[in-house]
Amino acid sequence: MSTSAKPPPATDKLLADLHVSYIQNLGKNKDDLAYHLTSHLRLNAIYWGFTALSILGRPDALSREEMVDFVMSCWDEEAGGFGAHPDHDAHLLSTLSAIQILVMQDALDRMDIDRVVKFILSLQQPSGVFAGDSFGEIDTRFLYCAVNALSLLGRLDELDKEKTVGYIERCRNYDGGFGSTVGAESHAAQVFVCVAALAILDRLDVVDVDTLAWWLSERQLPNGGLNGRPEKLEDVCYSFWVLSALSILNKVPWIDADMLSSFILSAQDPEGGGIADRPGDMVDVFHTHFGIAGLSILGYPGLVDLDPVYCMPASVIESRGLRKGWKALERKPA
């Protein structure tokens, strides 16, 4: 007889209070091995948790002072960017997370903007793509991080936009999607970063909208969940990657919103809070954030509007005059 525990029963309501408590308790046990094994994601995880709390309408659930101080402790003085954890090397992924947190916390004045801009621009390659750090790994994710960060800092004019757009265009595939590099297969996460970067750069003319929207809508499986590419399993995080791109293209109604909402909600832990990649699996802050982000785009009642281009609260982006022409589903009454 199997001794494995059965997954907790599914729920059809967003367990907002439990999710707030789950995020508040993350990282409190610093003796836990998992805490140290995930140090390379720490700054990203704080961004995921804080953004999720903001979309839940609870940005005050974490200490602003402690958060800003931790962000600044990740500063890499030599490189002029932010690492994922104190004493880690600067990387574009963690630098963007740092900028997003400081913008949301209205603490951008704590940062040396000129040095950060120099660090970001130094990572653009002759082809137009960006490396993530000085070690040279390239990916369209890093290109998006650079475009997003420069836009938030008000320094997008310093980017070689033509070269940047040219690289994205070369990553476009016959199915309308985009890959991580030129010649790589289409993937929903890479579609998001490329489409969102083009939106920020006001170059959505590069996208074959109907073909790409069809490819994205085909990511929905019979159980309502979305996958990242054909023949793969559903995963809650694609609720954001796919929906964000569809919302930028004004095509969210092309998927079954009710089925997707039900799938996301079924992946919640009704006892400890948090959202997993799929029902019955272990929850984590990454999927908690992207599940809540997806529900916001779907118009789930009681949530704050999320800007799908920047993956930040829409009010923050609008206050900086950066909103693009995305369209989410209308917010349902609570």
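The values are calculated or read from the model by the stated rules, or taken from the named source; none is laboratory data. Since we're looking at a predicted model, the values are computed, not measured. Methodologically, a virtual Cβ is constructed for each residue, glycine included, from the backbone with ideal geometry; neighbour enumeration extends over all protein chains shown. Surface areas here come from the heavy atoms of the whole protein model, side chains and all, with no ligands, DNA or RNA. Shrake-Rupley method; radii C 1.70, N 1.55, O 1.52, S 1.80 Å.
Counting only residues 5 or more places away or on other chains, whose amide H sits under 5 Å from the amide H of residue 130 once H atoms are built in the peptide plane?
Placed amide hydrogens put 125, 139, 143 under 5 Å from residue 130.
Based on the mean of other Cβ atoms within 10 Å per residue, sort peptides 251-262, 145-156 so the most packed one is first.
The packing order, highest mean first, is 145-156, 251-262.
Could you run the Karplus curve 6.51 cos²θ - 1.76 cosθ + 1.60 with θ = phi - 60° over the stretch 166-171 and give me ³J(HN,Hα) per residue in whole Hz, x for Gly and Pro?
x, 5, 4, 4, 6, 8
Determine the equivalent ellipsoid of the stretch 208-322 by diagonalising the alpha-carbon gyration tensor, then write out the semi-axes as square roots of 5 times the eigenvalues, largest first, rounded to whole Å. Please list the in-between numbers first.
Details: eigenvalues 92, 75, 24 Å².
Equivalent-ellipsoid dimensions as semi-axes: 21, 19, 11 Å.
Just subtract the alpha-carbon distance of residue 77 and residue 210 from 0.36 nm times their residue separation and send over the number in nm, one decimal. Spell out each step's value before the answer.
Numbers: separation 133, 0.36 × 133 = 47.88 nm, distance 4.56 nm.
Value of the extension gain: 43.3 nm.
Using only DSSP helix segments of four residues or longer, with each worth -39500 (n - 2.57), what per-residue ellipticity at 222 nm results for the chain after dividing by its residue count and rounding to 500? Don't skip to the answer; put the middle values down first.
Working: 14 runs with 146 residues, N = 334.
The helix-only estimate for the chain comes to -13000 deg cm²/dmol at 222 nm.
Tell me the label-point distance for the pair residue 258, residue 174, using the 7 Å Cα-to-Cβ offset, in nm and rounded to one decimal.
Taking the simple label geometry, residue 258 and residue 174 are separated by 3.8 nm.
Classify the stretch 154-279 from the C-alpha gyration tensor, please: rounded if a/c falls under 1.5, else prolate or oblate depending on whether a/b exceeds b/c. Spell out each step's value before the answer.
Numbers: a/c = 2.23, a/b = 1.80, b/c = 1.24.
Taking the square roots of the gyration eigenvalues as a ≥ b ≥ c, the stretch 154-279 is prolate.
Work out, step by step, the length gained on full extension between residue 12 and residue 122: first 0.36 nm times the residue separation, then minus their alpha carbon distance; give nm to one decimal.
Values: separation 110, 0.36 × 110 = 39.60 nm, distance 4.75 nm.
Net length gain for the segment: 34.9 nm.
Just to check I understand the Karplus step: with θ = phi - 60° and J = 6.51 cos²θ - 1.76 cosθ + 1.60, what whole-Hz values come out for the stretch 173-180, glycine and proline as x?
10, 4, 7, x, x, 10, x, 6
What number comes out for accessible area per residue over the chain if the probe is 1.4 Å? Units Å², please. Intermediate values should be presented prior to the final figure.
On the way: 14620 Å² over 334 residues.
Per residue, the chain has an accessible area of 44 Å².
What percentage of the solvent-accessible surface of the chain, computed with a 1.4 Å probe over protein heavy atoms, is contributed by carbon and sulfur atoms? Show your work: numbers first, answer last.
Details: 7350 of 14620 Å².
Carbon and sulfur: 50 percent of the exposed surface of the chain.
About the Cα centre of the stretch 208-322, what is the dipole size in debye to 20, counting +1 per Lys and Arg Cβ and -1 per Asp and Glu Cβ, all else neutral? Mind showing how you got there, number by number?
On the way: 6 positive and 16 negative charges, 42 e Å.
So the dipole magnitude of the stretch 208-322 works out to roughly 200 debye.
Mind jotting down the distance between the C-alpha centroids of the stretch 187-236 and the stretch 81-156, whole Å?
24
Can you give me the long-range amide H partners of residue 306? Hydrogens built in the peptide plane at 1.01 Å from N, cutoff under 5 Å, separation of 5 or more residues or another chain.
Close amide H contacts, sequence-distant or interchain: 314.
Nothing charged except the Cβ atoms of Lys and Arg (+1) and of Asp and Glu (-1): what's the magnitude of the dipole of the chain about its Cα centre? Round to the nearest 20 debye. Can you show the working numbers first?
Details: 28 positive and 46 negative charges, 122 e Å.
My answer is approximately 580 debye.
Once Lys and Arg get +1 and Asp and Glu get -1 on their Cβ, which of 190, 291, 301 lies farthest toward the positive end of the dipole of the chain?
The listed residue farthest towards the positive side: 301.
Quick one: which residues, 5+ away or cross-chain, put their amide H under 5 Å from the amide H of residue 81? H built at 1.01 Å from N.
When sequence neighbours closer than 5 places are left aside, the close amide H contacts are 76.
Go through the stretch 206-214 residue by residue and turn each phi into a ³J(HN,Hα) via Karplus (6.51, -1.76, 1.60, θ = phi - 60°); whole Hz please, and just put x for glycine and proline.
6, 8, 8, 4, 5, 5, 5, 4, 5
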